[in-house]
Amino acid sequence: MRWMRYLAAVAAAGLVAACGGGGSSTGSSGSNGGGTATPTLTLSIVNSTGAAVTSVSVGGASTVRGTLRDSSGAAVAGRLVTFTVSDEAIATLSPATALTDASGVAQVSVEPASLSARGAATVTASATVGESPVTGSTDFSVSASSLALSALSISSTSLVSGGNATVSTTASIAGVAAGSTPVNVAFSASCGRIDGQDTSAGSFSKTTNGSGVASVTYSSVDGAGQPCSGTVTVTASSAGASAQTGTLTVAAPVANTVTFVDATPQQIFVAGSGAAEQAVLRFRVLSSVGTSLASVPVQLSIETNPGGVGLDASGSTAAVTKTSDADGYVSVSAFSGTIPGAVKVRAALVSSPTVFAESQFLTVASGPPSQRFMSLSAGQAALEGWAIDGTSTTLTVRLADRQGNAVEDGTVINFTAEGGQVARSCATTRTNNISSCSVTFVTQNPRPAGGRASVLAYTEGTKDYVDANGNNIFDAGDSLVQIGDAYRDDNESNAFDAGEFVVPRGASGACAGAGGAFPSRANTCDSGLATTVRQQAVLLFASTSPATPSFVTTRSSVSFRLRSADNPLLPMPAGTRVTATTSPTTCLIDNIGGTPLADVRPAPGSPSEDLASLVALSLSGCAAGNTVTITVTAPSGLATTFPAVTLP
């Protein structure tokens, strides 16, 4: 009997040792196959009071608590425990690891992943006791957060036009300001901007601060820059909370500023000049906060009139009243008169005439470019270009109107060339109030036969005329100096030939043709003042080597004409140098006239002119039979020495 009782006691002790501790969940190192007790890790979730719970919410201060015991049931202190959650979109842990305390307890915080998170998840913990791994887990749910927004606080509910106000709300969770939990609050307004953003197409999001407050600035100007007026509703909302609204009253805008915007174009020309005679002036009406205002009456009047300028109609000097458009603009036309000078137009509010602006920069000029005042010049005309590419010269056009005054800056001059290459255009600028512009011409293919390359410069302008009545307007009784279509007289025949460049204007009136510097195609005239202002120049593609000259000699001189080897009617390039030596040395060279060679400027329309340069050597102490040796050096450096010349 005593033996039987001992066996029963041993069996009971074994059963007790094999059982785990209590709690919401337990864990072990796994089966040992022999019923021996193992370490345990028991998990539970507790709230801020320490009571066990199965649900967590935002602001609930919930904690995952893990208790670690060894196989004998004793608490294991100072051991690392690692926690994980099955779905981080539902809940998060902070931190993810902890050490057990003297009671074998390790704990971490658990919070919903967001204010809108809902669902259930499993939290798992793992540790090692001795060499045995041990785990534990428990399930929990995430419940809705009790989020609420306070009524809107508005710094001022009565605003002037374009005024601002501060709008704020406090987010609370379970009745406590959400200081440690950032909350996104969406703000919108029925008219106006939130923190500078237009909310007509969507709300503007602001995150609460450390006190749970979301604060924004409301501006009573809409996304298009127009002022709001009347009742405006501001709304604040956040997921899971009831939206809050508030209202403001915004005063209607009042016009108190007029500004000058622009004049297009800034320069017009006297009436009858054939050029632009009308400009459009724009002004803008603004409120006190700089927003544009529509439907505001504005009176426009001429303040400075050089003579005959009309407002809104040619010749009319009466003030006119116009109403600003949807963008606050007021436009009026100004028409030139007969006298050049500055023009100034005033725009004033009808409701308050002391509020006004005056136009700037508008000028009536005496006229566009005149054919009589067109001038084209070349920096150098005789270029070393027959065999060399890239020799350059500068072409300059100077322009004036029929009064000899500078034309408008930006007048575009076009260029075209028979040979070589020329920049296509330039725009005039005024230097010391003289109007001009320049382009570069370089030698290259094609090289015209004879080495003469025609270049034409042209722009829109006017013919000259005889102002019979002296009113500075082309009108009845005045006579035109007729000129037909501009063309480039490539063969310099002084008449337009098929294939030559032409600027057609479509007229077919009878008139004589011309060539030379101002080529004009016959029978292309009209009775209008407008024309293509033009001038032609001829550039020479001179040779690098000279032709062998015919020398004229006496005992006191040697003279000859220096020509291009390839085109004998052309000179050598400008800058070519002539040197000479004598034999015996008692025959002295006193002077070499005509060196270096001067630039030769051909006359357009004279293709057969002989442009050879004259060079003359003065000698002294020379006798019959003495010799003179002459060397010609081109600007590129190539030297040509002629056979010695024997003196008679």
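Quick notes
- Filter result (under 30 Å from Pro39 (Cα atoms) and not in a strand (DSSP E or B)) within the range 131-148: Glu131
For every residue, the table says whether it meets (1) surrounded by fewer than 20 Cβ atoms within 10 Å (Cβ to Cβ); (2) in contact with a Ser or Thr (Cβ under 9 Å, 6 or more places away or on another chain).
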position	(1), (2)
Ser331	yes, no
Gly341	yes, yes
Glu358	yes, yes
Ala365	no, yes
Pro369	no, yes
Ser392	yes, yes
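- Any hit, the range 494-503, residues being within 28 Å of Ala423 (Cβ to Cβ), among the acidic types (Asp, Glu) and not in a strand (DSSP E or B): yes
- Of all residues making up the range 448-464, the number that are assigned to a strand (DSSP E or B) and either within 36 Å of the chain's Cα centre (by Cα) or under 25 Å from Gly410 (Cα atoms) (or both): 9
- The residue that is nearest to Ala387 (Cα to Cα), among those in the range 622-648 that are surrounded by 15 or more Cβ atoms within 10 Å (Cβ to Cβ) and not hydrophobic (A, V, I, L, M, F, W, C), is Pro635.
- Check on Val185, in a strand (DSSP E or B), closer than 23 Å to Ser288 by Cα and in contact (Cβ under 8 Å) with a residue 12 or more places away in the chain: no
- Cross-chain or 6+ apart pairs with Cβ under 8 Å, the range 211-227 first and assigned by TED's automatic domain parsing to the domain that holds Ser161, then among the aromatic types (Phe, Trp, Tyr): Ala214/Phe187; Val216/Phe187; Val216/Phe204
- Of the strands (runs of 3 or more DSSP E) contained entirely in the range 82-127, those carrying at least 3 residues that are assigned by TED's automatic domain parsing to the domain that holds Val56 and touching a residue at least 24 places away in the same chain (Cβ under 8 Å) fall at 105-112.
- Which numbered condition Ala117 misses (of (1) buried (at least 17 other Cβ atoms within 10 Å of the Cβ); (2) more than 53 Å from the chain's Cα centre (by Cα); (3) modelled with pLDDT under 90): (2)
- Conditions (1) loosely packed, with under 14 Cβ neighbours inside 10 Å; (2) outside any loop (DSSP other than H, G, I, E, B); (3) not polar (S, T, N, Q); number of the one not met by Gly78: (2)
- Unique match (being farther than 18 Å from Ala517 by Cβ and buried (at least 19 other Cβ atoms within 10 Å of the Cβ)) among Val345, Val422, Val350, Val442: Val345
- For Pro549, the criteria (1) surrounded by 17 or more Cβ atoms within 10 Å (Cβ to Cβ); (2) in a strand (DSSP E or B) hold in every case but one, which is (2).
- Test for Asp610: is it touching a Leu at 6+ places or on another chain (Cβ under 8 Å) and not in a loop (DSSP other than H, G, I, E, B): no
- Among the residues of this structure, Gly461 does not count as one that is farther than 30 Å from Asp566 by Cβ and surrounded by fewer than 16 Cβ atoms within 10 Å (Cβ to Cβ).
- When the strands (runs of 3 or more DSSP E) confined to the range 293-338 are screened for residues that are more than 37 Å from the chain's Cα centre (by Cα), those reaching at least 1 such residues are found at 320-323.
- Only listed residue being without any contact (Cβ under 8 Å) to a residue 60 or more places away in the chain, over 30 Å from Val270 (Cβ atoms), not small (Gly, Ala, Ser) and not in a strand (DSSP E or B), chosen from Asn469, Asn445: Asn445
- Gly33 vs. criteria surrounded by 14 or more Cβ atoms within 10 Å (Cβ to Cβ) and at pLDDT below 90: no
- On the stretch given as the range 527-546, residues that are closer than 30 Å to Thr629 by Cβ, part of a strand (DSSP E or B) and of a type outside the set (Phe, Trp, Tyr) total 3.
The values are calculated or read from the model by the stated rules, or taken from the named source; none is laboratory data. Since we're looking at a predicted model, the values are computed, not measured. For neighbour counting, all protein chains shown are included, and Cβ atoms are generated from backbone atoms with ideal geometry for every residue, glycine included.
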